[in-house]
1. Give me the pairs: first residue in the stretch 172-192 and free of Cβ contacts under 8 Å to residues at least 24 places away in the same chain, second residue surrounded by 10 or more Cβ atoms within 10 Å (Cβ to Cβ), beta-carbon distance under 6 Å, and six or more apart or on different chains, which are they?
2. Read through the list (1) touching a residue at least 24 places away in the same chain (Cβ under 8 Å); (2) more than 22 Å from the chain's Cα centre (by Cα), then give the number of the only condition that E108 fails.
3. So for the stretch 83-104 (the condition being in contact with a helix residue (DSSP H, G or I) (Cβ under 6 Å, 6 or more places away or on another chain) and either modelled with pLDDT of 90 or more or open to solvent by 20 Å² or more (accessible area, probe 1.4 Å) (or both)), does at least one residue qualify?
4. Where residues in the stretch 140-192 are under 30 Å from E96 (Cα atoms) and among the basic types (K, R), which of them is most open to solvent (accessible area, probe 1.4 Å)?
5. Given the residues D76, D35, which is the only one that is surrounded by 14 or more Cβ atoms within 10 Å (Cβ to Cβ), modelled with pLDDT under 90 and out of contact with any Leu (no Cβ under 7 Å at 6 or more places or on another chain)?
6. From G164, G117, G191, G134, which residue is closer than 24 Å to V50 by Cα and not aliphatic (A, V, I, L, M)?
7. Determine which member of the set E133, E122 is closer than 30 Å to A68 by Cα and surrounded by 11 or more Cβ atoms within 10 Å (Cβ to Cβ).
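The values are calculated or read from the model by the stated rules, or taken from the named source; none is laboratory data. Computed from a prediction, not measured in an experiment: that's the story for all the values here. When we count neighbours, we look across all protein chains shown, and the Cβ atoms used for this are built from the backbone with ideal geometry, even at glycine. The area values use the complete protein model at the heavy-atom level, side chains included, leaving out ligands, DNA and RNA. Shrake-Rupley method; radii C 1.70, N 1.55, O 1.52, S 1.80 Å.
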Amino acid sequence: MVKQLIQTGIAAIVLVATLYTGNVIAHGRVSLEEDSCVRQVGENMVHLSVYQPQYDESGHYCTDIPMAGDTYLVIDLIDSALRNMPVAVKVFRGSESEGETILQLPAEYHPDGVINGVGTLEKGLYSLVITAEGIPPLKYQYRLRVEMVDYMKLLRASIAPMMGLLLLIWLAFRIKRSERFRNWLASRRSGR
C-alpha cells in the first residue's frame, strides 16, 4: 500500500512538473517555428520584440505589453530575401481596417535586417502590420495588448498548479483513509 502511494505521489509530481514547465520557459527557449513572436509567410519570417526600458530595462515582450507609454518596436527580418525589398510598418489602434494610425514607418530597404520604431501606446488593443513589397507582397500581422489582462493566459498558467493541488488533496485523503495510516496513528497515540 505504501509503495503504491509513493508511486502515485511520484507520478503526480512528474505530471505537475511536465505541465508547468511550458509556462516557465515560455518565450526565451523555443525554436523559431514555435516562437509566438515570429510570423511566417511562405519561407519568409519576421520576429517582433517590444521594449519599455523606462519600466524594465531588461524586459522584452511580444504581443502582451505590460504598461502604457513609450514603446520601442524592433522587427527582425529573419530571411535575407526580406532585406532586399522595401518593408513598411504600421501600428493601428484597434483593427487595421477600422483603427487610427499610431505609428507609420515608410517602405524602405533594411539591409541589416532590423527595423526600429518608437510609439506611445495607451491601454488597449492594437494591430501591427508589416508589409514587404515583394512579388507577391507579404503581409505579417500582430495583435498587441497594452496594459490588459489576458485571462486565457492566466487560466492556462493556473491549470497545472490547480491540478497539482487537487492531486495532493486526493493523495492526502487516500492516505488518511488507508488502514496502515490508521494503525500507525493509533500506535502513535497509544505510545504516549
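1. That search, which allows pairs on different chains as well, returns F181/I175.
2. Condition not satisfied by E108: (1).
3. Step one: filter the stretch 83-104 for residues in contact with a helix residue (DSSP H, G or I) (Cβ under 6 Å, 6 or more places away or on another chain), giving none.
No, the conditions are met nowhere in the stretch 83-104.
4. Restricting to residues being under 30 Å from E96 (Cα atoms) and among the basic types (K, R), the top hit is R156.
5. Working: D76 fails: modelled with pLDDT under 90.
Answer to the check: D35.
6. Details: G164 fails: closer than 24 Å to V50 by Cα; G191 fails: closer than 24 Å to V50 by Cα; G134 fails: closer than 24 Å to V50 by Cα.
The match here is G117.
7. Numbers: E133 fails: closer than 30 Å to A68 by Cα.
That would be E122, the only listed residue that is closer than 30 Å to A68 by Cα and surrounded by 11 or more Cβ atoms within 10 Å (Cβ to Cβ).
Each row is one residue, and each column tells you yes or no for (1) of a type outside the set (A, V, I, L, M, F, W, C); (2) at pLDDT 85 or above.
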{"residue": "I130", "(1), (2)": "no, yes"}
{"residue": "K139", "(1), (2)": "yes, yes"}
{"residue": "V146", "(1), (2)": "no, yes"}
{"residue": "Y151", "(1), (2)": "yes, no"}
{"residue": "L167", "(1), (2)": "no, yes"}
{"residue": "A172", "(1), (2)": "no, yes"}
